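Notes for the one structure printed next.
No lab work stands behind these numbers, since they all come straight from the coordinates. All values derive from a computational prediction rather than experimental measurement. Virtual Cβ from ideal backbone geometry, glycine too; neighbours counted across all protein chains shown.
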Amino acid sequence: MKKYYYDLHIHSCLSPCGYDDSTPNSIAGIGEINSLNIMALTDHNTCKNCPAFFKACFRHGIFPVAGMELTTAEDIHAVCLFPTLEKAMEFDELLQERRILIPNRTDIFGRQIICDSEDNVIGEEEHLLSNATTISIEEAPKLVESFGGICYPAHIDRDANGIISVLGTFPKTPHFTCAELHDAEKWDEYATNYDLSDKRLVISSDAHYLWDIKERSDFIFLEEITDKNRAGESVINYLRKGL
């Protein structure tokens, strides 16, 4: 088994309210500076910057994972990770049919920029990406699993869009094998109060700015990753096991 330092929740310039300088290449570069091994790009309701992110990560010696932060119909945020870039893009295509299309207000939310791996702007998303989709929290896990991925609640210790703040509890169904915290120090409190002792703990940054990307702190043990295109598969298998 090998130790891998990670950040599995990062937003690029494609996410509304994200920093325009948070290009896929810049994110991968910060990961290298911070000595991370595995990084996941998880923009709001889209994977469209993941292709550029993969190419950039390969240059910077980072194992990339393709993902997104899904906003459910209940306005709950859930991290979705996929075994390969191809599966992520297939899910992205399906999700376009489940979005509620509202024109983006760049004066409020900023631009939603699609880049290539060299930081060139190749497009913009015209409709707001952060609003709720028509996918419920009950439907989301199985739907993501049908693409080989995993779905779990994001930043459960936050008031905004956290599953506990929205529902008032951590539901027994659907069953999640893991959950994400923003503040690791709160884990004992949440594990006790919401009966999460069987969940894997994921500590990630939810970075919308380059300076918020995690440094070399939290890690997981995995079998050595030999296929850089399938790092997501290794991470997903680990998270699915729970505790």
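Tabulated values for the structure
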item	result
Cα-based reach from Lys172 at 18 Å (exclusive), listing lysines while leaving out same-chain residues under 8 positions away	Lys142, Lys199, Lys241
Cut-off under 5 Å, modelled amide H: who pairs with Leu8 long-range	Ala40, Ser205
Positive dipole terminus of the stretch 2-240, leading residue within Asn104, Ala140, Ile163 (C-beta point charges)	Ala140
As computed over the stretch 169-224, the Cα convex hull volume per residue (Å³)	130
Long-range HN-HN contacts of Glu138 with modeled amide H, under 5 Å	none
Average projection area in nm² (convex hull over Cα atoms of the stretch 136-242, one quarter of hull surface)	7.8
Length-normalised contact order for the stretch 2-240 - Cα pairs under 8 Å, 6+ apart - percent	27
Calculated from backbone phi, Karplus (6.51, -1.76, 1.60) coupling profile of the stretch 56-72 in Hz, x at Gly/Pro	5, 4, 4, 5, 9, x, 10, 7, x, 10, 8, x, 7, 9, 7, 9, 6
Nitroxide proxy distance, nm - points 7 Å out along Cα→Cβ at Leu101 and Leu201	4.4
Among Asn34, Asn193, Asn161, residue whose mean-square fluctuation peaks in a GNM of the chain (springs only between Cα atoms under 10 Å)	Asn193
Residue of Glu125, Glu215, Glu223 that the Gaussian network model of the chain assigns the largest fluctuation, springs spanning Cα pairs under 10 Å	Glu223
Cα Rg over Rh - the stretch 34-80, Kirkwood	1.07
In Hz, Karplus ³J(HN,Hα) per residue of the stretch 199-215 (6.51, -1.76, 1.60; θ = phi - 60°; x = Gly, Pro)	9, 5, 9, 10, 10, 9, 7, 6, 5, 9, 10, 4, 6, 8, 4, 4, 8
Under 5 Å, built H, 5+ apart or other chain: amide partners of His127	Asn104
Set of lysines with alpha-carbon distance to Lys55 below 24 Å, sequence-local pairs under 8 removed	Lys2, Lys3, Lys87, Lys214, Lys228
Estimated vicinal HN-Hα couplings, Hz - the stretch 224-232 in sequence order (Karplus 6.51, -1.76, 1.60; Gly, Pro = x)	3, 7, 10, 10, 5, 7, 10, 4, x
Where labels lie 7 Å past Cα in the beta-carbon direction, separation of Ile108 and Glu138 in nm	3.1
Whether the stretch 87-131 is rounded, prolate or oblate, judged on the alpha carbon gyration tensor where a/c under 1.5 counts as rounded	oblate
